[in-house]
Structure formats: structure tokens, C-alpha cells
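Contents: one structure, followed by commentary.
The values are calculated or read from the model by the stated rules, or taken from the named source; none is laboratory data. Note that the structure is predicted; figures quoted are calculated from it, not measured. When we count neighbours, we look across all protein chains shown, and the Cβ atoms used for this are built from the backbone with ideal geometry, even at glycine. Protein only, heavy atoms only, side chains kept; ligands, DNA and RNA dropped before computing areas. Shrake-Rupley method; radii C 1.70, N 1.55, O 1.52, S 1.80 Å.
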Amino acid sequence: MINHKNYLSSLPSSLTVVAGEEKTILVSQLENCEITVEKDAKLTLISYLTEGWEETKKLRFVLKGEAAKVLFLCIIFGEKEENFPYETESEHIGRSTEGFYHTKSVLGGKAKIDYTGNLIIPKSGQLADTYLSHDSLLLSKDAKVGSVPCLEIEADDVAAGHSATMGRVDEDMLFYLRTRGLNPETAKRMLVQGFLASDLDKIDSEEIRQLLEQEIEKAL
């Protein structure tokens, strides 16, 4: 069980980050939630998920105030027949908002992820800067990934984009690591840790980053 002052087992149905506030939250479950971020406020939401669910969960982020900021990091470890269906929607109402949404999934067995990410920028959201990415590492031939990025942009002065990648463990790299004396499990663990490293580096809190590194080590 994760033990940290910013830890919640799951999100409430609604959450507001008030003007000028900086909030960091770590969760181990996703639930339907509407999140409002007011002027000059910043939310870092980190989800570390190892248990799947059946019905699609939706997180709606409303960047309501000027210069509101959101960083959403989702790390998923799935195995057996775990299913991870979820959706994020980011609406940039205020000017000069920032919203970055990054999912990294490591899937084995018959695990499956279905992710839809929607970025919405109305005319009021000039100077928005937003991006979403979904990268998956498949550890078995039966693992499956569904990824649907969507952009709805009415403002004319914004930066917005998305990306999705899917790959399997690099056999050449595994071979190289084994020639350096590492057993197959240790070599695979190092590759998974390397895959996740770029997202962990985005976390400002060293305490939370180290906590997640420990949880990932347990999962591997």
C-alpha cells in the first residue's frame, strides 16, 4: 500500500484547485471526476495503476483561469486479463493555460488498455499550450492497446499536439545486456525502467519520484 501525504486511493467526483494553489496528488485508482483549475493554480496528478476495471472512467479537466496548469502522468502495469478503459478531456477556457497528459503502459499477458484523450480549446483559450501522449510497451503477443487522440480547437494562437507509440521489448538490446552478464529478468527490468524514466523525471517531488520507483521495482 502506498503511504504518502498526497496519496488518495481514488479521486472524488469533483475537485477544485483554487487560484494560486499548487497541488500534487497521487492515486492508485481512476474514477469519474471533474477537475477545475483556477487562475495561476497548478495541479500535478499522478496515477499509478496495477488493477484494471470494466467501465470507462472519465477525467475532465477544466482549466478555467488564466495561466492555469495541469500535469497528468499515468503509469499502468497490466497483466493476466486486466482491462484499463479510460478517457481524459482537457478544456482550456482561460488564456495562457498549460495542460500536459502523458500515459505510459507496460502490458503483459492478455492485458488491454483503451485510452481516449481529448484536447478542447475554445476561442477564449488563446495562448494555450497542451499536449497528450500515450506510449505502450508490450511484454506479450496477446496484450492489446487502443489509443484515440482528439483535438477540438477554435482559438488561433495555440500550441497543441499528440503522439502515440507502441512497441515490444527490444530483443537486440536484451541480447546486448545479457552479453554483459545480466540474466534475462534483470535485463528486461532495466529496459522497463528505462521506458518509464522520462515520465518519472517530470515529477518535481523527489519524495514521490522515489516512492514510485520503489513501487515499480516491486511490480517488476
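Hey, any hits in region 78-89 for a residue that's closer than 13 Å to Val37 by Cβ and surrounded by fewer than 19 Cβ atoms within 10 Å (Cβ to Cβ)?
no
For the subset of region 205-216 comprising residues that are touching a residue at least 12 places away in the same chain (Cβ under 8 Å) and open to solvent by 60 Å² or more (accessible area, probe 1.4 Å), which member is nearest to Ile25 (Cα to Cα)?
Taking the candidates together, the pick is Glu207.
Among the residues of region 146-166, how many are over 12 Å from Gly125 (Cβ atoms), hydrophobic (A, V, I, L, M, F, W, C) and open to solvent by less than 80 Å² (accessible area, probe 1.4 Å)?
The number of residues fulfilling the criteria is 4.
Regarding region 59-75, can at least one residue be identified that is modelled with pLDDT of 95 or more, part of a loop (DSSP other than H, G, I, E, B) and open to solvent by 60 Å² or more (accessible area, probe 1.4 Å)?
Yes, there is a match, as at least one residue in region 59-75 is modelled with pLDDT of 95 or more, part of a loop (DSSP other than H, G, I, E, B) and open to solvent by 60 Å² or more (accessible area, probe 1.4 Å).
What number of residues in region 17-28 are within 17 Å of Leu71 (Cβ to Cβ) and either in a strand (DSSP E or B) or in contact with a Gly (Cβ under 7 Å, 6 or more places away or on another chain) (or both)?
Counting residues in region 17-28 that are within 17 Å of Leu71 (Cβ to Cβ) and either in a strand (DSSP E or B) or in contact with a Gly (Cβ under 7 Å, 6 or more places away or on another chain) (or both) gives 7.
Evaluate the following for Val37: is it in contact with a Gly (Cβ under 9 Å, 6 or more places away or on another chain), more than 24 Å from Leu196 (Cβ to Cβ) and open to solvent by less than 10 Å² (accessible area, probe 1.4 Å)?
For Val37, the condition - in contact with a Gly (Cβ under 9 Å, 6 or more places away or on another chain), more than 24 Å from Leu196 (Cβ to Cβ) and open to solvent by less than 10 Å² (accessible area, probe 1.4 Å) - is met.
Looking at (1) modelled with pLDDT of 95 or more; (2) in contact with a Leu (Cβ under 9 Å, 6 or more places away or on another chain); (3) not in a strand (DSSP E or B), find the lone condition where Leu191 falls short.
(1)
Within region 80-99, which residues are in a strand (DSSP E or B) and more than 18 Å from Asn118 (Cβ to Cβ)?
Asn83 - this is the single residue of region 80-99 that is in a strand (DSSP E or B) and more than 18 Å from Asn118 (Cβ to Cβ).
Report whether or not Ser124 is open to solvent by less than 50 Å² (accessible area, probe 1.4 Å) and among the small types (Gly, Ala, Ser).
no
Is there a residue in region 51-58 that is in a strand (DSSP E or B), open to solvent by 20 Å² or more (accessible area, probe 1.4 Å) and in contact with a strand residue (DSSP E or B) (Cβ under 9 Å, 6 or more places away or on another chain)?
Looking through region 51-58, at least one residue is in a strand (DSSP E or B), open to solvent by 20 Å² or more (accessible area, probe 1.4 Å) and in contact with a strand residue (DSSP E or B) (Cβ under 9 Å, 6 or more places away or on another chain).
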